[in-house]
Amino acid sequence: MKDVFKQPRVAVIGAGMAGLACAERLLAQGWPVTVFDKGRGPGGRMATRRVTVPSGTGPSGTENGSAADVTLRFDHGAQYFTARDPRFRARVDDWIAVGAAAPWTGGIVRLTRDGAIEHSPGERFVGIPGMSGPTRLLADTTRPRSGIRVAEVTAGEDGWRLRDEKGIDLGEYDRVAVAVPSPQAVPLLAESPDLAYRAASAVMAGCWAVMARFDRPLDIPHDGAFVVGSPLSWIARDSSKPGRASQVGETWVLHGSPEWSEAHIEDQAGDVANRLLEAFRAIAGAAVPEPSHLAAHRWRFSIPTRGIDTECLYDPERGLGACGDWCLGGRVEGAFLSGLALAERMIGAG
């Protein structure tokens, strides 16, 4: 007979904001939780890329002088987050208090098709020293197992059996929370056809992110811009964010639009970097020199272009659910609230 007083063992698949928020809440309830993540570190698209370059590096990687190496940081995934919901705002205040986040007061605008510049006011926050700051703090509590790609979630004798892509057994669990992009969630939800069908209805586009470092400041009056009518959808002076001032030169992140990124999703990274740099030059309104560092990163599933308009998915009879920003509008805040909602659903169902 099953021990009804035993706390359920939970597997959380994915250590982005949604998965970590879900795991943290379940751990606070006293449930044993194991978090699996395919990446080298937690955070998902709340990512910070670190690049070490010689401080005297000139255009195209040539040396202009001998000097110590410089480590650059680029927020090449999520650019900032908002905090409208009081539950999330309380967590953001906690992160600010311990130095893991800070307000970003940079000037943000919208560049229209006809060349007009519209101000885009609002309170925005970023992680410290990079966007991964808050998720790394959450990981201190949830302790995800990195570098493990869960490939199978199948019904076991008394719960759910997980295996990785090599078929290695990862253990059996009473509950499973799938916290990965919706296209990757669908096969993991296969034993619950209704959940898999609903997850499949969410559509996520890819995004090419370009990281550029310039040896001198660019004469651009804003720190970030939403872009309309261009291969780019977003540009940001990454070095304007709090906690980044120690970087030598100026760093920029350029995001390809969902439409352009999808059309070029299989292109070579070098070609993408050069093409989006040219798009940046076309809209910057100032001379943009050759960068001393230029690289591109492909996010295969980045932006929910159609969500499912619900906080999370959960089958209480089977103890299987899913969460993510694709449930609640594609924002960091939405990912956190989706993970929290799934945890509450699990706790409420017992």
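Assorted remarks:
- The set of residues in segment 309-325 that are part of a loop (DSSP other than H, G, I, E, B) and either over 19 Å from residue 91 (Cα atoms) or in contact with a Cys (Cβ under 8 Å, 6 or more places away or on another chain) (or both) comprises 309, 310, 311, 312, 316, 317, 318, 319, 323.
- Checklist (1) within 18 Å of residue 18 (Cβ to Cβ); (2) hydrophobic (A, V, I, L, M, F, W, C); (3) modelled with pLDDT under 95 applied to residue 68, failing item: (1)
- Across segment 308-318, the number of residues qualifying as crowded, with 20+ Cβ neighbours inside 10 Å and of a type outside the set (A, V, I, L, M) comes to 2.
- The condition (being among the basic types (Lys, Arg), surrounded by fewer than 20 Cβ atoms within 10 Å (Cβ to Cβ), within 28 Å of residue 219 (Cβ to Cβ) and in contact with a strand residue (DSSP E or B) (Cβ under 6 Å, 6 or more places away or on another chain)) is satisfied by just one residue among 124, 110, 145: 110.
- Inter-residue pairs, beta-carbon under 8 Å, first farther than 13 Å from residue 320 by Cα and in segment 164-178, second assigned to a strand (DSSP E or B) and of a type in the set (Val, Ile, Thr), 6+ apart: 164/150; 170/150; 171/34
- With a requirement of 2 or more residues that are under 20 Å from residue 336 (Cα atoms) and in contact with a Gly (Cβ under 7 Å, 6 or more places away or on another chain), the strands (runs of 3 or more DSSP E) lying completely within segment 157-205 that satisfy it span 175-178.
- Among the candidates 252, 260, residue that is buried (at least 23 other Cβ atoms within 10 Å of the Cβ) and at pLDDT 95 or above: 252
- Unmet criterion (only one of (1) of a type in the set (Gly, Ala, Ser); (2) crowded, with 18+ Cβ neighbours inside 10 Å; (3) outside any strand (DSSP E or B)) for residue 236: (3)
- Consider segment 1-29 and keep the residues that are part of a loop (DSSP other than H, G, I, E, B), at pLDDT 95 or above and under 19 Å from residue 316 (Cα atoms). The one that is farthest from the chain's Cα centre (by Cα) is 8.
- Pair list, Cβ under 6 Å, 6 or more apart: segment 19-32 residue not assigned by TED's automatic domain parsing to the domain that holds residue 184, other residue modelled with pLDDT of 95 or more and surrounded by fewer than 24 Cβ atoms within 10 Å (Cβ to Cβ): none
- Candidate set: segment 203-252, residues that are hydroxyl-bearing (Ser, Thr, Tyr) and touching a strand residue (DSSP E or B) at 6+ places or on another chain (Cβ under 6 Å); chosen: the one farthest from residue 289 (Cα to Cα): 233
- Test: residue in segment 124-133 that is in a helix (DSSP H, G or I) and not basic (Lys, Arg): yes
- Looking across segment 71-91, the residues that are more than 17 Å from residue 120 (Cα to Cα) and either touching a residue at least 40 places away in the same chain (Cβ under 8 Å) or of a type in the set (D, E, K, R) (or both) come down to 72, 73, 74, 75, 76, 77, 78, 85, 87, 88, 89, 91.
- Among the residues of segment 280-310, those that are more than 28 Å from residue 16 (Cβ to Cβ) and either of a type in the set (A, V, I, L, M, F, W, C) or touching a His at 6+ places or on another chain (Cβ under 9 Å) (or both) comprise 282, 283, 284, 286, 287, 288.
- Contact map, segment 318-337: residues that are free of Cβ contacts under 8 Å to residues at least 24 places away in the same chain paired with residues that are part of a helix (DSSP H, G or I), Cβ distance under 8 Å, separation 6+ or inter-chain. Pairs shown: 328/334; 328/335; 328/337; 328/338.
- Enumeration of residues in segment 326-350 that are among the charged types (D, E, K, R), within 30 Å of residue 208 (Cα to Cα) and either in a helix (DSSP H, G or I) or modelled with pLDDT of 95 or more (or both): 333
The values are calculated or read from the model by the stated rules, or taken from the named source; none is laboratory data. Nothing here was measured: the structure is a model prediction, and the numbers come from that model. Neighbour counts run over all protein chains shown; Cβ positions are idealised from the backbone, glycine included.
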